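The structure under discussion appears below in the form of structure tokens.
Please treat every number below as a calculation from the coordinates, not as lab data. Quantities reported herein were computed from a predicted structural model and do not represent experimental measurements. Counting neighbours? That spans all protein chains shown, and the Cβs are built from the backbone with ideal geometry, glycine included.
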Amino acid sequence: MLLVRTGQCFLLNGFIFLGSILVLKSVVIPTLLWILPNQCSEVSSQGPCSFDSVSKLYSSLRLGLVQLFYVFWFYPLYIFSFILSTIWYNDIAKYGFAAMGKNGHDILEPSSQNEVKTTENTALKDKPAGLGGVMIGIGEQVYSILLLTFFFLEVYATGFIPHIGKALNFVLLSWMYAYYCFEYKWNLSEVALDRRLDFFESNWAFFAGFGSPCVLAIFFFSPLVSYGVMAILFPLFVLAATGSGAEQLIFSQRRKWKGVGLGRLPIFYAADTLSMRVLSLLPLDTRDQMGDNKAL
């Protein structure tokens, strides 16, 4: 099934989606230019050119037909591809995780002695049964969605900053894609959200490097082409994150260096602050449970 899902991603996003863009650019638009020319010389090589009004009409018709192509083919295909690819990415991570025989208990080790004690205490506390456990689970999912949504908006906004905006956008996109790739693995391993964020922010240089090849491949294309390229590459990065022993390698190097590193970078600080502001609107009991769980 792993090969099937990966092949389906390549077929849908590479052959159909990107292939449709290629057909539009190399076949449809040149054909429209031949049927509805925009230059007087293409209609008649003799006599004065009185083709201005007809040329404007042809130009409007070409634009309208191309827009219809986008509305009735590309945008529905984009939505269809996005939904199916999201489902397939999860399957790819799940099958890859099972194939590698990963164990969720040793995916992320504590990064300090204090965290060891906290983790040992946390391990003795199970999620409450019944409605309380359900509410905490829902709260964690809501917080995660809010966090990534606000971080995505932050990434989008940095693109408008003069001079340094593109560079910041590139780095933040690299972190975002890297987090998405490893999140599948951490979800399957049932790693607590606070431990994910601590590990990610403590090893920000590694994750910037992990996500940058994917971003580099899409950074200079139009939005639709970028999506198609990313949708092809993303399953490979998900598999790389799921099948790799990156966490164990990082911890072994940290022990070798006796804890010396670049230090933690609060990448998600703004997104976390906004998310907690939104969560403050939830019922008090759920908010307190979420706060306790996040503090652990």
In nm, the gap between the two label points placed 7 Å beyond Cα toward Cβ at VAL28 and VAL225 is 1.6 nm
Could you give the length gained on full extension between GLN253 and SER280, defined as 0.36 nm per residue of separation minus the Cα-Cα distance, in nm?
5.8 nm
Provide the per-residue ³J(HN,Hα) series for region 16-32, in order, calculated from phi with Karplus coefficients 6.51, -1.76, 1.60 and θ = phi - 60°, each as a whole number of Hz, with x at glycine and proline positions.
7, 5, 5, x, 5, 5, 5, 5, 4, 6, 9, 10, 5, 5, x, 5, 5
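What's the ranking of 18-29, 200-211 by average number of surrounding C-beta atoms within 10 Å, highest first? Numbers along the way, then the final one.
Values: 18-29: 13.8, 200-211: 19.2.
Listed from highest to lowest mean packing, they are 200-211, 18-29.
Please give the peptides 148-154, 163-169 ranked by average Cβ packing (other Cβ atoms within 10 Å per residue), highest first, as a rough proxy for protection.
Details: 148-154: 16.6, 163-169: 12.7.
So the peptides 148-154, 163-169, ranked by packing, come out 148-154, 163-169.
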Residue order, fewest to most surrounding Cβ atoms within 10 angstrom, among CYS214, CYS181:
CYS214, CYS181
Using 0.36 nm times the number of residues separating ASP194 and ALA217, minus their current alpha carbon distance, what extension gain do you get?
5.2 nm
